[in-house]
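Q: Sharing a structure here in structure tokens format.
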Amino acid sequence: MGADLDALAHTILKDNDLGGYTIPTKGLYPYQWNWDSVFVAIGFATFDLNRAWQEIENLFEGQWDDGMVPHILFRKNDPSYFPGPSVWGTKSEPFPTSGHSQPPVAATAVRDLFEQSSAPENADRAKALFPKLMAWHRWWATCRDPKGHGTVAIVHPWESGRDNLPDWDEPLSNVDTTGVPEYTRKDTSHVDPDMRPLKKDYDRYMAILAIGKACGWDAAEVVEKTPFLVADPAITMILLRANRDLLVLADKLGFQNDKAEIEGWIAKQERGMDSLWNPEIKAYVTRNLRTDVLGTGVSSASFLASYAGLSDPKVIEPLNAHFDRIAGKVDFMLPSYDPDHAGFEHKRYWRGPIWAVVNYLAARGMTEAGEVARAEKIRQDTVRLVERSGFAEYFSPVDGSGAGGNSFSWTAAVWLAWAT
Ligand code: 2M8
């Protein structure tokens, strides 16, 4: 079984490879997505290190002058996805892109690739990427944290990568959709609409996108004008981890002059995470920066604490208690949202389903922190899910069924890199 699945995972990555960059899945997502590509690189690294580097190098071809690395790279137009390049209306070169970013896992993957081989060419490729990573992390630390909270604020639910998380409901309720013109969704023609965000969510996504476009996608203006500005614990923790890896790279690759700046980001983001702790539910949550309202649910973001290098027992112990409670409630870990919360839906995208990539990040952090049993539970559940339902986009934590797109690149990639 394992060997067959390994072979299938290889085939999926190769089939979704459009020549140096990989799409998440055919039909539903026909472009290069940011964090998907980085997970794909980690998968490629298990059998083709050169191709792994190429995936990340190609992702950075879309980097903007201000350092931002966009969430979608529209290398060639494909009408099967909405909203496409003309809706975003960015002026990016050498090809159109979306107007905001996605979780910054790249520095962590670059460190992984660099440490995989001592060949001089490997160090050269890491050195070429280092200044680009620095520019991107500086963009997060400034453009997405203009008031210096030490947390990353997202300007669109799509920037989080966790599109319809119940935590976005409260900030989205302040978005005026009256000016949104008629549009036709494409996602619901590829997959069951019951597994996708609701129309009212899409209307709000389009309204926020239009505001970004009206700002010419100028980062400062977007942050000033968007009605949706929410500090996201998942991105902040992924960035915190990525900064720790960037610091190691700076040291090993000879970028000594950059170390103080990275250390400053790390110290600030460690402090910033305190502001995302909800003492009532004892978990890391979102904070709406327009209203100062904290999220009310335990999302899978909380289980990235160890991955981010956070180790205070006052935090880890309650999180472990949540983990054990949730594990007693559902057959498969990690649901993206608390099954005891009213917002939980086991098949609707980021409102409950399991995402193999989040499982990988959480388990990696737990293993590093010595939480081996919980990490192994996550890994074994991921194996059971793939054995049962294949390389689906995501899975129900209740019955293990697959949902969303099929032959999905990031599920195949983390299978090869970690689960198998
Ligand atoms: C999903 O997001 C896109 C928008 O970016 C969509 O629904 O159209 C999310 O799961 C996101 O995290 C992921 O990167 C993307 C491609 O797999 O799909």
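Q: Starting from the stretch 13-26, keep only residues that are in a helix (DSSP H, G or I), then list their pairs with residues that are away from the ligand (no atom under 14 Å from the Cβ) and not small (Gly, Ala, Ser) whose Cβ atoms are within a distance under 7 Å, requiring at least 6 positions of separation or different chains.
A: Within 7 Å, the pairs are LEU13/PHE44.
Q: In contact (Cβ under 8 Å) with a residue 60 or more places away in the chain, charged (D, E, K, R) and part of a helix (DSSP H, G or I) - does that describe any residue in the stretch 342-355?
A: Within the stretch 342-355, one or more residues are in contact (Cβ under 8 Å) with a residue 60 or more places away in the chain, charged (D, E, K, R) and part of a helix (DSSP H, G or I).
Q: Shifting gears a bit: Cβ contacts < 6 Å: first residue of a type in the set (Ser, Thr, Tyr), restricted to the stretch 160-187; second residue more than 15 Å from the ligand (Cβ to nearest atom), any location; separation 6+ or different chain. Result?
A: Short answer, once both residue conditions are applied: THR177/ALA207.
Q: Say whether the condition of being of a type in the set (D, E, K, R), assigned to a loop (DSSP other than H, G, I, E, B) and farther than 30 Å from ASP251 by Cα is met by at least one residue in the stretch 87-95. Working first, answer last.
A: The initial filter retains those residues of the stretch 87-95 that are of a type in the set (D, E, K, R), namely 91, 93.
Checking which are assigned to a loop (DSSP other than H, G, I, E, B) leaves us with 91, 93.
Now restrict to residues that are farther than 30 Å from ASP251 by Cα: 91, 93.
There is at least one residue in the stretch 87-95 that is of a type in the set (D, E, K, R), assigned to a loop (DSSP other than H, G, I, E, B) and farther than 30 Å from ASP251 by Cα.
Q: Please specify each residue of the stretch 123-168 satisfying the condition of being away from the ligand (no atom under 16 Å from the Cβ) and among the polar types (S, T, N, Q). Outline the logic, then answer.
A: Going through the stretch 123-168, the residues away from the ligand (no atom under 16 Å from the Cβ) turn out to be 123-151, 153.
Hits for the stretch 123-168 are THR142, THR151.
Results for (1) under 19 Å from ASP338 (Cα atoms); (2) among the hydrophobic types (A, V, I, L, M, F, W, C); (3) modelled with pLDDT under 95; (4) within 18 Å of the chain's Cα centre (by Cα), shown as yes or no for each residue.
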| site | (1), (2), (3), (4) |
| --- | --- |
| LEU239 | no, yes, no, yes |
| ALA242 | no, yes, no, yes |
| LEU246 | no, yes, no, yes |
| LEU249 | no, yes, no, no |
| LYS259 | no, no, no, no |
| ASP274 | no, no, no, no |
| ASN288 | no, no, no, no |
| ILE316 | yes, yes, no, no |
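Matching residues to (1) under 22 Å from the mean Cα position of the chain (by Cα); (2) of a type in the set (S, T, N, Q):
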residue: PRO313; (1), (2): no, no
residue: ASP324; (1), (2): no, no
residue: ALA327; (1), (2): no, no
residue: SER336; (1), (2): yes, yes
residue: ILE354; (1), (2): yes, no
residue: ARG364; (1), (2): yes, no
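Q: What single numbered condition from (1) modelled with pLDDT of 95 or more; (2) within 27 Å of SER396 (Cα to Cα); (3) aliphatic (A, V, I, L, M) fails to hold for MET195?
A: (1) is the only condition that MET195 fails.
Q: Under the condition of being surrounded by 24 or more Cβ atoms within 10 Å (Cβ to Cβ) and of a type in the set (Asp, Glu), which residue from the stretch 26-66 is nearest to the ligand (Cβ to nearest atom)?
A: If we take residues in the stretch 26-66 being surrounded by 24 or more Cβ atoms within 10 Å (Cβ to Cβ) and of a type in the set (Asp, Glu), then ASP36 is nearest to the ligand (Cβ to nearest atom).
Q: Would you confirm whether or not the stretch 335-348 contains a residue that is closer than 18 Å to VAL414 by Cβ, within 16 Å of the ligand (Cβ to nearest atom) and in contact with a helix residue (DSSP H, G or I) (Cβ under 9 Å, 6 or more places away or on another chain)? Lay out the reasoning, then the answer.
A: So the first thing to find is which residues in the stretch 335-348 are closer than 18 Å to VAL414 by Cβ, and the list is 335-336.
Still in the running and within 16 Å of the ligand (Cβ to nearest atom): 335-336.
Then keep just the ones that are in contact with a helix residue (DSSP H, G or I) (Cβ under 9 Å, 6 or more places away or on another chain); that gives 335-336.
Yes, the stretch 335-348 has at least one match.
Conditions (1) of a type in the set (Lys, Arg); (2) part of a loop (DSSP other than H, G, I, E, B); (3) free of Cβ contacts under 8 Å to residues at least 24 places away in the same chain, marked per residue:
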| residue | (1), (2), (3) |
| --- | --- |
| TRP265 | no, no, no |
| LYS268 | yes, no, no |
| GLY272 | no, no, no |
| ILE281 | no, yes, yes |
| ASP292 | no, yes, yes |
| THR296 | no, yes, no |
| PHE303 | no, no, no |
| SER306 | no, yes, no |
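Q: Being of a type in the set (A, V, I, L, M) and either in contact with a Gly (Cβ under 8 Å, 6 or more places away or on another chain) or more than 16 Å from the ligand (Cβ to nearest atom) (or both): is that true of ALA403 here? Even if it seems obvious, please write down each step before you answer.
A: On the way: of a type in the set (A, V, I, L, M): yes; either in contact with a Gly (Cβ under 8 Å, 6 or more places away or on another chain) or more than 16 Å from the ligand (Cβ to nearest atom) (or both): no.
The answer is no for ALA403.
Q: Hey, does the stretch 110-119 have a residue that's crowded, with 24+ Cβ neighbours inside 10 Å, within 17 Å of the chain's Cα centre (by Cα), not in a helix (DSSP H, G or I) and not small (Gly, Ala, Ser)?
A: Taking every residue of the stretch 110-119 in turn, none turns out to be crowded, with 24+ Cβ neighbours inside 10 Å, within 17 Å of the chain's Cα centre (by Cα), not in a helix (DSSP H, G or I) and not small (Gly, Ala, Ser).
The values are calculated or read from the model by the stated rules, or taken from the named source; none is laboratory data. None of the values given here were measured: they were computed from a predicted structure. Here Cβ is always computed from backbone atoms with ideal geometry, including for glycine, and neighbour counts include all displayed protein chains.
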